[in-house]
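Since the structure comes first, as structure tokens, the remarks are kept for the end.
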Amino acid sequence: MTHKYNKQVFALLVAASFFSACSVTKTYETPQVKTDGLYRGQNVTDSATMASQPWQTLFTDEKLKVLIQKGLDQNVNLKNAIQNILQAQASLQQAKLAFLPTLSADANATRSKQSSAGLNFPPGININTLTNTYKLSMSTSWEADIWGKLSSSKRAALAKYLETDAAKKAIQTQLIADIANNYYGLLALDQQLAITQKTLESRIANVETMKALKEGAVVNGAAVVQSEASRYATEVSIPDLKRSIRETENAISILLAENPGSIDRSTMEAQAVPSALATGVPAQLLQNRPDVQQAELAFRGAFENTNLARTYFYPSLTLTASAGFSNLTLKDFFDHSVFYNLVGGLTQPIFNQGLNKARLKTAQSLQVQALNNFQQSLLVAGQEVSNALYAYQTAVEKQDSRAKQVAALVKAVDYTQDLLRFSSATNYTDVLTSEQSLLAAQLSGVSDHLQKMQAVVNLYRALGGGWK
């Protein structure tokens, strides 16, 4: 009987091997997505890209390097991303172990009592029987991966693990860009504050000059009042600049996972801006942009989940076995008390209220969405590269004109002041207008320089730089 039973189990194993060759799952292939024309107005064929440049060489400011490294070591979002990787790694390990059989042990003692009450014994006789049963057993169960259910589950877990790793890289590239942009913004505010404070000193001196000219009957009282108003208008902008500086310092502190505090920094004049920017070809975004990689891996996981959903329509083969000892007394526990059994069975779903169809339909829909998101991630990447390139280009175009504007306004201030002092050929309104225009141009010049530096940072991140 046992021999015949073993033959049946063996037949099930042979059938499982045969069916496994007829897997209902599909093999994943990278989807074809459009990459041509992603960089607006750019027709690049050179594959050299600044994305392959380590951030330590892109940024030359040593104080900025210290801040970036501190952020990489301490940032909370980055730490959480690492924990996500560990969680996905545990899920992947669990999916791999699903190919192995389970093994469990059981030890128990049972005490039962049987009474003779109600049975056909002579009147007055009541017999109680006590029975002790001792049992020690081990059992195992194994599911054959006939249709690729376990394989699809493992590949989906692998895709999720890789996706979390890509997500961590994306957070890292964004973190580097955020620290650099805030740092440059802080330097720009420092320079604007210095310009404004220097202008305020000049405006205070102008008030005294206007008072002296009024005493000499060169100007009237209106000029004195206007000079005082101009002085206070400049003075009142300084607290706002200081507030922006403090808020930017606090923002950098948060990125570093530190309490709000001052930030050690250099100056705007000390920054070196690259004169040439290498973008490579758009197709390189597939390898360089972590968020694009993340989107593809999400699609890959959805693809494997669709494979998994298909396998639920087919029977599963499970083999279970158990063996052990069972006896009524402990002293003879291992004598003539061995038992074992081996069971093999196919389970075929027949009616489960449309659960399998709903599962497959949902998985297919999620797969379509994941593919759309993958293509969208490329479009967004192309947009960010295009915007950063154009921001850099316009900043360069403004630079020369802005320098000429400032130089002309410096002369205009000098000329109008001289005319007011020595010939009365003009009035203080002309002087005031030229001074206000000069201050606005100087502050805009700082913003132009900031735009240029931040465009480099944004382009570096948009191309996928910072995680290698």
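The values are calculated or read from the model by the stated rules, or taken from the named source; none is laboratory data. Please read these numbers as outputs of a predicted model, since none were measured by experiment. Note: ideal-geometry Cβ built from the backbone for every residue, glycine included; neighbour counts use all protein chains shown. Only protein heavy atoms, including side chains, enter the accessible area calculation; ligands, DNA and RNA are left aside. Shrake-Rupley method; radii C 1.70, N 1.55, O 1.52, S 1.80 Å.
What the table below lists for this structure:
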item: Backbone N under 14 Å from the Leu72 label point (7 Å along Cα→Cβ), restricted to the stretch 168-190; result: 169-180
item: Residues listed by number, the stretch 199-214, amide nitrogen under 18 Å from Phe422 label point at 7 Å toward C-beta; result: 209-210, 213
item: Per residue solvent-accessible surface (Å²) - the stretch 360-426, probe of 1.4 Å; result: 60 Å²
item: Rough spin-label spacing in nm, given labels placed 7 Å along Cα→Cβ, for Gln376 and Ala229; result: 5.3 nm
item: FRET efficiency, 1/(1 + (r/R0)^6) with R0 45 Å, evaluated for Ala278 and Gln436 via beta carbons; result: 0.60
item: Spatial separation of Cα centroids for the stretch 187-208 and the stretch 89-114, in angstrom; result: 77 Å
item: Inter-label distance for Asp414 and Thr362, nm, one decimal - labels placed 7 Å from Cα along Cα-to-Cβ; result: 7.7 nm
item: Expected-Rg normalisation [2.2 N^0.38 Å, Cα atoms] applied to the stretch 146-218; result: 2.78
item: Alpha-carbon Rg with Dmax, taken over the stretch 201-299, Å; result: 26.1, 82
item: Label-point separation, Lys79 to Lys211 (7 Å along Cα→Cβ), nm; result: 5.7 nm
item: Additional length obtainable on full extension of the chain from Ile254 to Gln287, 0.36 nm per residue less Cα span; result: 8.9 nm
item: Linear extension gain, Thr57 paired with Thr133, 0.36 nm per residue minus alpha-carbon span; result: 19.8 nm
